Every structure is written in structure tokens, then in C-alpha cells.
Amino acid sequence: MKGRCLAAAALLICGTQAADADESRTRPPEEGYVLHCSGCHGLSGEGVPGTTPTLHGISRLASTPAGRAYLASVPGVAQAPIGDAELARLLNWVLKTFSDATPVPPYSAIEIGTFRREPLRSTGAARAALAVP
Ligand code: HEC
């Protein structure tokens, strides 16, 4: 009897964990932003003068191939602890919400997966090379 109770308890706990994992795969981008980005960039993407750039207006960077790659490979984006598909949705949402423009075409999971494999080490130099204010 005791063994059966333990097995039932284990099932319950494991079942709950599986449900949580599923939930994170379908987490809305606005929640992902709060969890993974807002601590540095602020709840409204306003940034912190002198330390963290604003996310307002960054869609102008997404209009060139180099800019698209840059946005997806800055360390805070590339190393976010979420999968490629969730990160693609999150970045598309950030661009639309804080910068008023969904990138064309929107980031795909495959594109994000390629860019994030090599996070930028020298962010300042990469940003300057884009020559976009
Ligand atoms: C630990 C703090 C931190 C976190 C967390 C963080 N970032 Fe950043 N982010 C920065 C800093 C600092 C920079 C400036 C470049 C650098 O030094 O990496 C930056 C740069 C950027 C840029 C480039 C902006 C520009 O104008 O050059 C984008 C876009 C961006 N972050 C988006 C995000 C998103 C989306 C997330 C969440 C998935 C995120 N960041 C998480 C600190 C952070």
C-alpha cells in the first residue's frame, strides 16, 4: 500500500513538471520579455541611460542583413535561456511592441538558431560597424 502511494505521489509530481515544461514552450512573448529581458532593458524597453540601450527604434537596425544578425546575436538575446522558436517570437514581439515594426520577414526559429550559435563578443564594435545611429 505504502509503495503504491509513493508511486502515485511520484506520478503527480512528474506530471506537474511535464505540464510546466509545456507551458514554457508556449509562453506568450510578453511574459518571456518580463522574465528574460526587462530586468536590464526595463518593463517598457526604455533601457537605462549609460548602461543598457533602449529598445525603442531598433527596427531600423533590422532592415539590413548585418543588422538582423546583430539584433539576434547580442549576448542578452543569443544567451536567453529559451528555445529558438520562443526566442524568435520574443524578438519579433519586441520589435513590433517597442519599435513599431515587425521585421520583414519575421525572424524564424531557424534563423535565430543560426545567429545565436555565435554570440557577439565585441558588441560595441559590431554595433558601430552597422553605422546606424
Ligand atoms: C543582463 C542584462 C541584459 C539582459 C538580461 C538583456 N540585455 Fe539586451 N542588452 C544589454 C546590454 C548591456 C546591451 C548593449 C550591448 C552589450 O553590451 O551587450 C544590450 C543590447 C541589446 C540589443 C541591441 C540594442 C542596440 O541598439 O544596439 C537588443 C536588441 C537587446 N539587447 C535585446 C534584448 C532582449 C530581447 C533581451 C531578452 C531576451 C535582452 N536584451 C536581455 C543588457 C541586457
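How large is ³J(HN,Hα), in whole Hz, for each residue of the stretch 71-85 in order, when computed from phi with the Karplus curve 6.51 cos²θ - 1.76 cosθ + 1.60 and θ = phi - 60°, using x for Gly and Pro?
Karplus-based 3J(HN,Hα) across the stretch 71-85 equals 4, 8, 10, 4, x, x, 7, 4, 9, 4, x, 9, x, 4, 5 Hz.
Sum up the charges of everything whose Cβ sits under 13 Å from the Cβ of Ser99, counting Lys and Arg as +1 and Asp and Glu as -1, but leave Ser99 out. Write down the numbers at each step before the final one.
Values: positive: Arg60, Lys96; negative: Glu46, Asp100.
So the surrounding residues net to 0.
Skip the ligands, DNA and RNA, and give the accessible area per residue of the stretch 55-108 with a 1.4 Å probe, whole Å². Intermediate results must be reported in sequence, preceding the final value.
Numbers: 2390 Å² over 54 residues.
Normalised by residue count, the accessible surface of the stretch 55-108 is 44 Å².
Let me make sure I get this right: for the stretch 28-129, a, b and c are the square roots of the gyration tensor eigenvalues over alpha carbons, sorted descending. Under 1.5 in a/c it's rounded, otherwise prolate if a/b > b/c, else oblate. Which is it?
On the way: a/c = 1.21, a/b = 1.04, b/c = 1.17.
Rounded is the answer for the stretch 28-129, as its axis ratio a/c remains below 1.5.
Computing the accessible area with a 1.4 Å probe over protein heavy atoms, can you report the carbon and sulfur percentage for the stretch 28-129? The partial results should precede the final answer.
Details: 3450 of 5520 Å².
Carbon-and-sulfur percentage of accessible area, whole number: 62.
The values are calculated or read from the model by the stated rules, or taken from the named source; none is laboratory data. Predicted model only: the values in this text are computed from it and were never measured. Cβ coordinates were reconstructed from backbone atoms using ideal geometry, including for glycine residues, and neighbour counts include every protein chain displayed. What goes into the accessible areas is simple: the full protein's heavy atoms, side chains included, and nothing from ligands, DNA or RNA. Shrake-Rupley method; radii C 1.70, N 1.55, O 1.52, S 1.80 Å.
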